[in-house]
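Student: Before anything else, here's the structure in question.
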Amino acid sequence: MTKTALVTGASAGIGEETARKLQSLGYTVYGAARRTDRLQKLAGEGIRPLAMDVTDDASMTAGIETIIAETGRIDVLVNNAGYGSYGAIEDVPIDEARRQFEVNMFGLGRLVQLVLPQMRARKSGTIVNVSSMGGKLHTPLGGWYHATKFAVEGFSDALRMEVAPFGINVVVIEPGGIRTEWAGIAADHLEETARGSAYAPQITAVAKTMRSEAIAKRQSPPSVIADAIGKAVTARRPRTRYAIGFTAKPLI
Ligand code: NDP
């Protein structure tokens, strides 16, 4: 029977490449995101598009129900959807900081809750949580982002111990600089906080670096992460974490 994988954040970057990679490994792949128009390219390649907002419980529940109804199983969950809400800790509006946790941590955690019952019943499955090197290292102006990714690390390590007796693997992926839309979106968030900020000079310097050609040149293509995820899901005993890509020196 064909195995089924769900990849969140499949409309761009790492998720898009990961969906392709898992399909090439023989999985029936569902690619989830809010921008379903951006999933059409993958749909043309046979990857099943799924409208999902990881801040919306009903949307996540409906997505999982659809996959189970259509294929009867979810063998691999890749929790990849995420973004960087950059800005000085003092400046980021608290509602935006909460949203950063909703997407990067609570969406990931809720999907884990939703896939586990059928993985436990089958005594197999792999949960891949995309953290970041920013889940191990920290830089100024990334405090809220780092907090979410440090949370993903601790959550994933506890989860691994809980579900190991049920034959379920938990893998953490820690990308370094990867060439996707991520850095531009993080720089947008950072610059939104600049007006009237006591940190304005640092914000300008960091945003400039994030958008620089020099950084773009050092970034790896998203396929390096997709390849690592492919290795993780096919290994009989995967490593607990895969750290790939360059680590920027502190930006300020
Ligand atoms: P992109 O910005 O290229 O892609 C992000 C994806 O997340 C999009 O498909 C987007 O889809 C999805 N997403 C964002 N918010 C939501 C939401 N509320 N609900 C559902 N999907 C959402 O970034 P990357 O591919 O680079 O990032 C993927 C992961 O890798 C993230 O968790 C990121 O933090 C992590 N990472 C990336 C690094 C890099 O250098 N690129 C470095 C370290 C970690 P849509 O907007 O259509 O919903």
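The values are calculated or read from the model by the stated rules, or taken from the named source; none is laboratory data. A quick note: this is a predicted structure, and the numbers were derived from the prediction, not measured. For neighbour counting, all protein chains shown are included, and Cβ atoms are generated from backbone atoms with ideal geometry for every residue, glycine included.
Student: Looking only at segment 22-76, how many residues end up being among the basic types (K, R) and in contact with a Ser or Thr (Cβ under 6 Å, 6 or more places away or on another chain)? Give the steps one after another, and end with the answer.
Tutor: Pass one, segment 22-76, residues among the basic types (K, R): 34-35, 38, 41, 48, 73.
Cutting the leftovers down to in contact with a Ser or Thr (Cβ under 6 Å, 6 or more places away or on another chain) gives us 35, 38, 73.
Qualifying residue count, segment 22-76: 3.
Student: Now for a separate question. Would you confirm, using the coordinates I've provided, whether E96 is near the ligand (Cβ under 9 Å from one of its atoms) and more than 30 Å from G72 (Cβ to Cβ)?
Tutor: Numbers: near the ligand (Cβ under 9 Å from one of its atoms): no; more than 30 Å from G72 (Cβ to Cβ): yes.
Considered against the rule, which asks whether it is near the ligand (Cβ under 9 Å from one of its atoms) and more than 30 Å from G72 (Cβ to Cβ), E96 comes out as no.
Student: Please determine whether any residue of segment 92-102 is among the hydrophobic types (A, V, I, L, M, F, W, C) and within 23 Å of L159 (Cα to Cα).
Tutor: The answer is yes, given that some residue of segment 92-102 is among the hydrophobic types (A, V, I, L, M, F, W, C) and within 23 Å of L159 (Cα to Cα).
Student: Take segment 21-59 and flag every residue that is buried (at least 19 other Cβ atoms within 10 Å of the Cβ) and under 18 Å from T126 (Cα atoms). Break it down stepwise before answering.
Tutor: Our first condition is that a residue be buried (at least 19 other Cβ atoms within 10 Å of the Cβ); within segment 21-59, this holds for 21-23, 27-33, 39, 42, 47-50, 52, 54.
Passing the criteria: K21, L22, Q23, Y27, T28, V29, Y30, G31, A32.
Student: Of (1) more than 21 Å from the chain's Cα centre (by Cα); (2) touching a residue at least 60 places away in the same chain (Cβ under 8 Å), F166 satisfies all except one. Which?
Tutor: Here F166 clears every test but (2).
Student: Name the residues in segment 205-244 that are within 30 Å of P93 (Cα to Cα), in contact (Cβ under 8 Å) with a residue 12 or more places away in the chain and surrounded by fewer than 18 Cβ atoms within 10 Å (Cβ to Cβ), would you? Before you say what the answer is, go through the steps one by one.
Tutor: Start the filter on segment 205-244 by keeping residues that are within 30 Å of P93 (Cα to Cα), which leaves 205-213, 215-216, 219.
Cutting the leftovers down to in contact (Cβ under 8 Å) with a residue 12 or more places away in the chain gives us 205-207, 209-211, 215-216, 219.
Matches in segment 205-244: A205, T209, R211, I215, A216.
Student: Select, from A43, A97, the only residue that is over 16 Å from the mean Cα position of the chain (by Cα), within 30 Å of K208 (Cα to Cα) and part of a helix (DSSP H, G or I).
Tutor: On the way: A43 fails: within 30 Å of K208 (Cα to Cα).
None of the other options fit; the residue is A97.
Student: Going by the conditions given, is R120 more than 30 Å from A205 (Cα to Cα), of a type in the set (D, E, K, R), part of a helix (DSSP H, G or I) and more than 16 Å from the chain's Cα centre (by Cα)? Outline the logic, then answer.
Tutor: Numbers: more than 30 Å from A205 (Cα to Cα): yes; of a type in the set (D, E, K, R): yes; part of a helix (DSSP H, G or I): yes; more than 16 Å from the chain's Cα centre (by Cα): yes.
It is true that R120 is more than 30 Å from A205 (Cα to Cα), of a type in the set (D, E, K, R), part of a helix (DSSP H, G or I) and more than 16 Å from the chain's Cα centre (by Cα).
Residues checked against (1) within 11 Å of the ligand (Cβ to nearest atom); (2) of a type in the set (D, E); (3) on the phi < 0 side of the Ramachandran plot:
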position: V29; (1), (2), (3): no, no, yes
position: A32; (1), (2), (3): yes, no, yes
position: A43; (1), (2), (3): no, no, yes
position: D53; (1), (2), (3): yes, yes, yes
position: A58; (1), (2), (3): no, no, yes
position: A69; (1), (2), (3): no, no, yes
position: L77; (1), (2), (3): no, no, yes
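Student: Still on this structure, I have one more. Kindly check whether there is at least one residue in segment 8-17 that is away from the ligand (no atom under 13 Å from the Cβ), in a helix (DSSP H, G or I) and at pLDDT 95 or above. Full working, then the answer.
Tutor: Quick first cut of segment 8-17, residues away from the ligand (no atom under 13 Å from the Cβ) only: none.
Among the residues of segment 8-17, not one is away from the ligand (no atom under 13 Å from the Cβ), in a helix (DSSP H, G or I) and at pLDDT 95 or above, which makes the answer no.
This table checks each residue for (1) of a type in the set (A, V, I, L, M, F, W, C); (2) within 14 Å of the ligand (Cβ to nearest atom).
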| residue | (1), (2) |
| --- | --- |
| F106 | yes, yes |
| G109 | no, yes |
| R122 | no, no |
| T126 | no, no |
| K136 | no, yes |
| R179 | no, yes |
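Student: Separate question: Look at I67 and say whether it is crowded, with 16+ Cβ neighbours inside 10 Å, farther than 30 Å from H138 by Cβ and over 18 Å from the mean Cα position of the chain (by Cα). Please lay out each step first, then the result.
Tutor: Numbers: crowded, with 16+ Cβ neighbours inside 10 Å: yes; farther than 30 Å from H138 by Cβ: yes; over 18 Å from the mean Cα position of the chain (by Cα): yes.
Yes.
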